[in-house]
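In what follows, a structure is listed as structure tokens, so that the remarks can point back to it.
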Amino acid sequence: MRLVFAGTPEVAVPALDALLASDRHEVVAVVTRPDAPAGRGRRLVPSPVAERAAEAGIEILRPRRPREPDFLDRLREIAPDCCPVVAYGALLPRAALDIPRHGWVNLHFSLLPAWRGAAPVQHAVLAGDEITGACTFQIEEGLDSGPVYGVLTEAIRPEDTSGDLLTRLAFAGAGLLAHTMDGIEDGTLRAEPQPAEGVSLAPKITVEDAAVDWSAPALRVHRQVRACTPAPGAWTVFRGERLKLRQVTRVPDRDDLAPGELAAEKHAVHVGTGSHAVELVWVQPQGRKPMRAADWARGVRVAAGERLESPGAPQP
């Protein structure tokens with residue numbers, strides 16, 4: 001089949017590579033989000049998918065919105081048989097969905113109908129799911145509601161961050177998407193409607209959502225830090241400045257600290273929660289690189305009784 005691949009971030013690149021390597025299909029173009037400002041200089045840089053497409057010598061389409069007439073006209077000229085999608089980042093209008101004869105097929109990182117939306121991996125970690133996975137499904141105008149072609153499962157490990165899990169799913173899902181293209185092309189694969197039960201939503205997790213509430217149980221804090229790593233990054237406030245939390249572990253045998261109360265020892269930094277303590281392992285002070293929490297605590301000289309603040313919560 002002639003394919004136009006749609007995707008934007010690094011997590012989409014393994015799937016693009018798998019399709020480029022296929023001897024059954026030809027990726028004739030990619031659709032990706034426009035170049036975006038990045039770094040301290042805020043200069044415009046291409047998306048990871050655009051960079052990979054440029055290396056492969058493939059035409060790159062960067063519509064600001066996929067309903068733009070020029071984009072739709074060019075897509076009709078290319079006349080793809082199917083458009084595989086991984087984390088493209090924009091809603092596709094009916095006019096675009098109708099162009100390829102086999103439609104647009106999305107690789108989504110959850111076991112649909114669970115976790116429909118922009119942040120399925122983060123929500124699976126936050127909810128404490130033990131198993132997640134990936135699906136390929138036919139895109140329709142509803143939110144991740146189309147019929148499913150293929151599924152794979154993946155265990156969520158006790159210390160997995162969203163970044164860890166998403167990396168594994170990106171590579172496993174790349175193979176699933178390639179096999180889905182094969183099955184669509186030879187007619188051996190048919191999409192099945194999603195179950196009506198078990199629908200859950202996974203909206204984007206904002207910076208505000210990533211603020212830690214120290215009155216919550218340690219299990220919740222642990223999940224939140226893992227779910228928000230690497231982005232948007234769980235955070236708290238210390239001495240009026242934001243402190244990102246890169247890694248914490250639970251300390252079930254310590255419950256003598258009030259929520260947010262710090263206890264800095266030579267090689268460990270503990271914080272009280274609504275249940276037992278957690279240990280800060282890696283932190284990132286405002287404007288600095290990540291560091292070991294024990295090194296941070298020595299540098300700022302944490303005093304007895306000092307606290308990490310829960311943003312927006314009244315402080316004692």
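Here are the numbers:
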item	result
Close pairs from the range 256-267: first closer than 17 Å to Val283 by Cβ, partner hydroxyl-bearing (Ser, Thr, Tyr) and assigned to a strand (DSSP E or B), Cβ under 8 Å, at least 6 apart	Gly260/Thr236
Condition check for Val207: hydrophobic (A, V, I, L, M, F, W, C) and outside any loop (DSSP other than H, G, I, E, B)	no
Given (1) open to solvent by less than 10 Å² (accessible area, probe 1.4 Å); (2) under 30 Å from Ala216 (Cα atoms); (3) part of a strand (DSSP E or B), number of the condition Glu154 does not satisfy	(1)
The range 148-168 residues that are of a type in the set (Gly, Ala, Ser), paired with ones that are open to solvent by 30 Å² or more (accessible area, probe 1.4 Å) (beta carbon under 7 Å, 6 or more apart)	Gly150/His179; Ala155/Glu130; Ala155/Ile131; Ser162/Gln122; Gly163/Pro230
Of residues in the range 75-117 being small (Gly, Ala, Ser) and modelled with pLDDT of 95 or more, the one farthest from Arg226 (Cα to Cα)	Ala79
Leading residue by the ranking (surrounded by the fewest Cβ atoms within 10 Å (Cβ to Cβ)) among those in the range 67-91 that are out of contact with any Leu (no Cβ under 9 Å at 6 or more places or on another chain) and touching a residue at least 60 places away in the same chain (Cβ under 8 Å)	Ala79
Candidate set from the range 92-131 (those that are of a type in the set (Val, Ile, Thr) and free of Cβ contacts under 8 Å to residues at least 40 places away in the same chain); member that is nearest to Gly233 (Cα to Cα)	Ile131
Residues of the range 206-228 classified as under 17 Å from the mean Cα position of the chain (by Cα) and open to solvent by less than 20 Å² (accessible area, probe 1.4 Å), total	5
Options Ala216, Ala234, Ala227; residue that is aliphatic (A, V, I, L, M) and touching a Lys or Arg at 6+ places or on another chain (Cβ under 9 Å)	Ala234
Flag for Gln138 being modelled with pLDDT of 95 or more, open to solvent by 30 Å² or more (accessible area, probe 1.4 Å) and either over 18 Å from His222 (Cα atoms) or small (Gly, Ala, Ser) (or both)	yes
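The values are calculated or read from the model by the stated rules, or taken from the named source; none is laboratory data. Only a predicted model underlies this, so the values are computations on that prediction, with no experimental measurement involved. For neighbour counting, all protein chains shown are included, and Cβ atoms are generated from backbone atoms with ideal geometry for every residue, glycine included. All accessible areas refer to the heavy atoms of the entire protein, side chains included, with ligands and DNA or RNA removed. Shrake-Rupley method; radii C 1.70, N 1.55, O 1.52, S 1.80 Å.
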